[in-house]
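K.L.:
This is the structure I want to talk about, given as structure tokens.
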Amino acid sequence: MLNIGLLGASWIAPQAIIDPASIVQGTRIAAVAARDLGKAQSYADTYGIPAAYGSYDDLLADPGLDAIYISLPPAYHAVWTIRALQAGKHVICEKPTAMTLTEAQAMVDVAKSTGKRLIEAFHSRYHPAFLTCMDWVASGDIGDVQSMTAHFGVGFPDDGVKNQYRPELGGGTIMDMGCYPLHWVRQLAGGAIADAKVDTTLAESGVDLTMASELTFDNGVTAKISSSMHPDTEFGAYLEVTGCKGTITFKNPLVPHQGGALSKTVDGVTTDAPVSTVTTYCYQLKAIAEALQTGDVLPTEAAGLLDQQAEIDRLYDAAGLSHLRITTQDYT
């Protein structure tokens, strides 16, 4: 049994790991911690979690926990991931892993030294529909990939609290949303990014509110990716891959279980792929549980994790916003 502790009583945890753990065999949410015991206990009561702690350190000291799920704002990922690893726990960390590549490398180094696993929670990567998309590209069904377009956006206002608008907490649309289309095209390009041109607009708080990037990979593939959390933005997520023989269209690769659609068109003939209604988060947790047993390396850990963080850094550097990625947290 994989006993998981929640470091943070977050809004995302119910769909991201609590519900999946009730479905995926061999996994269980065993404890939750918040900075206030009353909040942690209320959360535990709501979701049927056996143990509640009023401090994160108390959670990490629980000898019955095998893994910790961290869903704090990005500025706190490094410090608590490192402490969890040093406490002998595997870590499932919400994306993006860190504020910078330097932080991410420090986290991976501790994972190596402790023999524990650090896995980034890019859930969409594990859904069968995305795997089918990858298979179509790899098999040459649409010919050599030439270009891609990918987007994820959903609007919400700055209420003065949301970490997405707080630069000191790792806010910004690239960190929160743009990392997804970046991840999608990186999985499919078959090469490394050689050049990036990035345009952004800024919120009053100083974080990137919208992003539009033109990427060129070292094999000649190009990609246009974008994201937006502007309050007027309607939810949208899509991916299009154009090859020399045809195209792949993927509606809602973010959460394909919620009305997603995947098709390829070759020589004027369109083929639709079935899209499972089982959540991306269930597939992700199943893959994690299996990998922890077998020792197989997942695509969202180790080098895969570091490569993704490096490209997030590249986008901020290209946008002239690298100053937003400086953290004051002591993670050493």
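K.L.:
For segment 290-319: of the residues being in contact (Cβ under 8 Å) with a residue 40 or more places away in the chain and part of a loop (DSSP other than H, G, I, E, B), which is farthest from LYS116 (Cα to Cα)?
P.N.:
Top of the filtered list is ALA319.
K.L.:
In addition: Quick check: is even one residue across segment 188-209 touching a helix residue (DSSP H, G or I) at 6+ places or on another chain (Cβ under 6 Å), under 13 Å from PHE152 (Cβ atoms) and either crowded, with 24+ Cβ neighbours inside 10 Å or among the basic types (Lys, Arg) (or both)?
P.N.:
So far as segment 188-209 goes, no, none of its residues is touching a helix residue (DSSP H, G or I) at 6+ places or on another chain (Cβ under 6 Å), under 13 Å from PHE152 (Cβ atoms) and either crowded, with 24+ Cβ neighbours inside 10 Å or among the basic types (Lys, Arg) (or both).
K.L.:
While we're on this one: Pull up segment 77-110, narrow it to residues that are among the charged types (D, E, K, R) and part of a helix (DSSP H, G or I), then point me to the one that is most open to solvent (accessible area, probe 1.4 Å). If you could, list the steps in order and put the result at the bottom.
P.N.:
So in segment 77-110, the residues among the charged types (D, E, K, R) come out as 83, 89, 94-95, 103, 109.
Next cut, part of a helix (DSSP H, G or I) only: 83, 103, 109.
On the way: ARG83: 99, GLU103: 2, ASP109: 74 Å².
Going through the qualifying residues, I end up with ARG83.
K.L.:
Scan segment 61-76 residue by residue and report those that are part of a strand (DSSP E or B) and among the small types (Gly, Ala, Ser).
P.N.:
ALA67
Listed here are the residues, each with its yes/no results for (1) part of a strand (DSSP E or B); (2) small (Gly, Ala, Ser); (3) at pLDDT below 95; (4) within 20 Å of the chain's Cα centre (by Cα).
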site	(1), (2), (3), (4)
LYS197	yes, no, no, no
GLU204	no, no, no, no
ILE225	yes, no, no, yes
ILE248	yes, no, no, no
HIS257	no, no, no, yes
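K.L.:
Restricting attention to segment 50-68, does a residue exist that is closer than 22 Å to VAL161 by Cα and loosely packed, with under 15 Cβ neighbours inside 10 Å? Show your work before the answer.
P.N.:
Here is the first cut: in segment 50-68, the residues closer than 22 Å to VAL161 by Cα are 54-56.
Narrowing further to those that are loosely packed, with under 15 Cβ neighbours inside 10 Å: 55.
Taking every residue of segment 50-68 in turn, at least one turns out to be closer than 22 Å to VAL161 by Cα and loosely packed, with under 15 Cβ neighbours inside 10 Å.
K.L.:
Being among the hydroxyl-bearing types (Ser, Thr, Tyr), touching a strand residue (DSSP E or B) at 6+ places or on another chain (Cβ under 8 Å), open to solvent by less than 60 Å² (accessible area, probe 1.4 Å) and in contact (Cβ under 8 Å) with a residue 12 or more places away in the chain is the requirement here; does SER213 meet it?
P.N.:
yes
K.L.:
Restricting attention to segment 165-179, does a residue exist that is open to solvent by less than 10 Å² (accessible area, probe 1.4 Å), in contact with a strand residue (DSSP E or B) (Cβ under 7 Å, 6 or more places away or on another chain), at pLDDT 95 or above and within 13 Å of MET148 (Cβ to Cβ)?
P.N.:
no
Residues checked against (1) at pLDDT 95 or above; (2) aliphatic (A, V, I, L, M); (3) under 16 Å from ALA150 (Cβ atoms); (4) more than 17 Å from the chain's Cα centre (by Cα):
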site	(1), (2), (3), (4)
HIS230	yes, no, no, yes
LEU239	yes, yes, yes, no
LYS245	yes, no, no, yes
LEU254	yes, yes, yes, no
LEU262	yes, yes, yes, yes
GLY268	no, no, no, yes
LEU285	yes, yes, no, no
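K.L.:
Identify, please: which residue in segment 127-161 is of a type in the set (Val, Ile, Thr) and assigned to a loop (DSSP other than H, G, I, E, B) and is, among those, least open to solvent (accessible area, probe 1.4 Å)? Before the answer, list the steps.
P.N.:
As a first pass, look at segment 127-161 and keep what is of a type in the set (Val, Ile, Thr): 132, 137, 142, 145, 149, 154, 161.
Going one step further and asking which of them are assigned to a loop (DSSP other than H, G, I, E, B), we end up with 142, 154, 161.
On the way: ILE142: 0, VAL154: 46, VAL161: 110 Å².
My answer is ILE142.
K.L.:
GLY236 passes all but one of (1) closer than 30 Å to LEU2 by Cβ; (2) open to solvent by less than 50 Å² (accessible area, probe 1.4 Å); which number fails?
P.N.:
(1)
K.L.:
Here is a list: SER113, SER124. Which entry is at negative phi and open to solvent by 40 Å² or more (accessible area, probe 1.4 Å)? Don't jump to the end; show me each part of the working.
P.N.:
Values: SER124 fails: open to solvent by 40 Å² or more (accessible area, probe 1.4 Å).
Checking each option against the conditions leaves just SER113.
The values are calculated or read from the model by the stated rules, or taken from the named source; none is laboratory data. A quick note: this is a predicted structure, and the numbers were derived from the prediction, not measured. Cβ sites come from the backbone with ideal geometry, for glycine too, and all protein chains shown count toward neighbours. These area figures cover heavy atoms from the full protein model, side chains too; ligands, DNA and RNA do not enter into them. Shrake-Rupley method; radii C 1.70, N 1.55, O 1.52, S 1.80 Å.
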